[in-house]
Each structure stands twice: as structure tokens, then as C-alpha cells.
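These notes are about the structure you will find just below.
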Amino acid sequence: MHARLLALILGALVFAPPALAQDEDDAPLAYPDDDETEDAPRKLPRRSNDPTADYGRMADEREAEEDFERMAGDDDPNKGFAGELILGSMLLESSRGRFADPAFGLGLRFTWEYGRILNNEPLRDTLWADVRWMMAGASDGTTLINGSSRNHYFSIAPAYEFVFGAEKYYGVFGQVGGGFAFQTTSLTIGEEQTAVKGIKPLLQYGVGFRGRPRLSEKMALSFRVELMRFRRGYMDDTFVGGSIGTAF
């Protein structure tokens, strides 16, 4: 009896199909529970605490900026020089207690736009300087006794201009500079004439409007309207007028 039972068990094991392990590729995908997904904290990228982490990148940017060739003004054929004739009224401080002694003012001015050499776009049209000579004189008296004076103003004055317009041809400016005033005074009594000459330090300051509309590719019309003050020694002279010339 026992021999038959053992034979049946062995026969069943022989003919039974083998149980194979399930392939991982055929296994069903496990999806996380929706509640667990929403409650799980999101991982943010960690920020490095190393203070030198961006040093290499910043050094590369500085090196690239130094190697970059600035092109400000390379397409402008103009040199930034101008010459103008000055005409207007010079209000000389009166030594007789009056408001002023009006006189005709005449002069020459040469301008250099030195902001161009800085190779900086915002400054190339706003910084410039003048070398100026002006003359004004007055005379009074009778046929017998007559006095006259001539004042010559020599100055160098830098300026800053606030330009406007798409082409930046116009602007308002403020100017401060210095130099010296050469004064000659003569007193004539009959046929006798006595002359006195002297030099005084000069302070120049004022405001104005400046324009430079183009006439051609390499030349422009340069003009100004200005209110300028000249302090020679302890006396103040005021110029109201303008100038016209060319710029190239």
C-alpha cells in the first residue's frame, strides 16, 4: 500500500508543469498612489554654498568684455572739430553806477568734442570744450576829453550738453571755464593821450543752446545761442548773443 502511494506521488511530480519565475519585463508596472504623490515633497535643486563657484564664469565674462573691441563712433566720419564766429551784445559792468554799459561783442571760437576719444557712446556727444577769444569796447566823453577801453577775453571752457532728438544734432549745455582778460584803457585830453594796460584773471560760466544739423556726410552747420558771464577781477560782464560756423 505504501509502495503504491509513493509511486503515485513520484509520477505526479514527473508529469506536473514546471513553475517558472515571472520575467521582470512582463511584470505589471507599479503606479504610486495619488495621495502619496501629492503629499510627497518636491526636491529642489541644491544651491552651492561655495563662494568661488561662479568665479570661473565671471572671469571668462570679464575677459570677453576686455577683448571686445568697442565700435562707438567708428561709422562716424566726423572728427568733432568746429569753428564759429561770435556776435552779440556785451553788457560791461559800469563804473558810473549804471546797470551796464552796452557794447558790441565780437569773437572767434574753436570747439573740440573730446568725448569722442573716450570711446563711450553716452559721452561722445555730450562732452566738449571751447577755446575762445572775444573783444568788446566802450568809449565816452567830449571832443576835448575822451576815454575809451577795450577788453579782450581769452578762455578755455569745457561743457556738458544734454542732447535730444533721434540724430542728437541739438542740445542745451552748461559751461564753466577760465582764462584771463587783457584790458587797455586810454584817456585823451586835447592832443595828450595816456594809456593803461593790464591783465586780470577771468572766470567764464553760462548756459546755451547748440545745434549741428548735417550739411553733408563730413560737414555740419554749427550754431549757438548763449548767455555767458565773464568775471574779470571783481567786475562782471554779460554776453548775450550767438555764433555760427561749420563742424567737421
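Among the residues of the stretch 227-237, is there at least one that is in contact with a Lys or Arg (Cβ under 9 Å, 6 or more places away or on another chain), aromatic (F, W, Y) and surrounded by 16 or more Cβ atoms within 10 Å (Cβ to Cβ)? No - not one qualifying residue is present in the stretch 227-237. Among the candidates D140, D130, the residue that is at pLDDT 90 or above, acidic (D, E) and assigned to a strand (DSSP E or B) is uniquely D130. Just the residues that are modelled with pLDDT of 90 or more and part of a loop (DSSP other than H, G, I, E, B), please, taken from the stretch 104-122. If the condition is that a residue be modelled with pLDDT of 90 or more and part of a loop (DSSP other than H, G, I, E, B), then E113 is the only one that fits.
Please find, within the stretch 185-204, the residue that is farthest from L144 (Cα to Cα) out of those that are free of Cβ contacts under 8 Å to residues at least 40 places away in the same chain and in contact with a Gly (Cβ under 8 Å, 6 or more places away or on another chain). Explain how you work it out, then say what you get.
Kept after step one, since they are free of Cβ contacts under 8 Å to residues at least 40 places away in the same chain, are these residues of the stretch 185-204: 185-186, 191-201, 203.
Applying the additional criterion that residues be in contact with a Gly (Cβ under 8 Å, 6 or more places away or on another chain) yields 185-186, 200-201, 203.
Values: T185: 17, S186: 14, K200: 30, P201: 33, L203: 36 Å.
Ranking the candidates gives L203 first.
For the stretch 205-248, the set of residues classified as over 25 Å from the mean Cα position of the chain (by Cα) and acidic (D, E) consists of D236, D237, listed by residue number. Does the stretch 169-180 contain at least one residue that is open to solvent by less than 80 Å² (accessible area, probe 1.4 Å), in contact with an Asp or Glu (Cβ under 9 Å, 6 or more places away or on another chain) and more than 20 Å from V207 (Cα to Cα)? No, the stretch 169-180 has no match at all.
Identify all residues within the stretch 129-170 that are at positive phi and touching a strand residue (DSSP E or B) at 6+ places or on another chain (Cβ under 7 Å); write none if there are none. Break it down stepwise before answering.
Just the residues of the stretch 129-170 that are at positive phi, to begin with: 141, 165, 168.
Result: G141, single match.
Within the stretch 116-146, can you find the residues that are within 22 Å of the chain's Cα centre (by Cα), of a type in the set (D, E) and surrounded by fewer than 19 Cβ atoms within 10 Å (Cβ to Cβ)? Break it down into steps so the answer makes sense when it comes.
Within the stretch 116-146, the first condition is being within 22 Å of the chain's Cα centre (by Cα), and the residues that meet it are 116-131.
Checking the rest, the ones that are also of a type in the set (D, E) come to 121, 125, 130.
Once the filter is applied, which keeps residues that are within 22 Å of the chain's Cα centre (by Cα), of a type in the set (D, E) and surrounded by fewer than 19 Cβ atoms within 10 Å (Cβ to Cβ), the stretch 116-146 yields only E121.
If you go through the stretch 85-113 and keep only what is in contact (Cβ under 8 Å) with a residue 12 or more places away in the chain and open to solvent by 60 Å² or more (accessible area, probe 1.4 Å), you end up with L85, L87, E93, P102, F104, L108, F110, W112.
The values are calculated or read from the model by the stated rules, or taken from the named source; none is laboratory data. What you see is a predicted model; the values in this text were computed from it and never measured. Every residue, glycine among them, receives a Cβ derived from its backbone with ideal geometry; neighbour counts consider all protein chains shown. These accessible areas exclude ligands, DNA and RNA; they are computed on the full protein's heavy atoms, side chains included. Shrake-Rupley method; radii C 1.70, N 1.55, O 1.52, S 1.80 Å.
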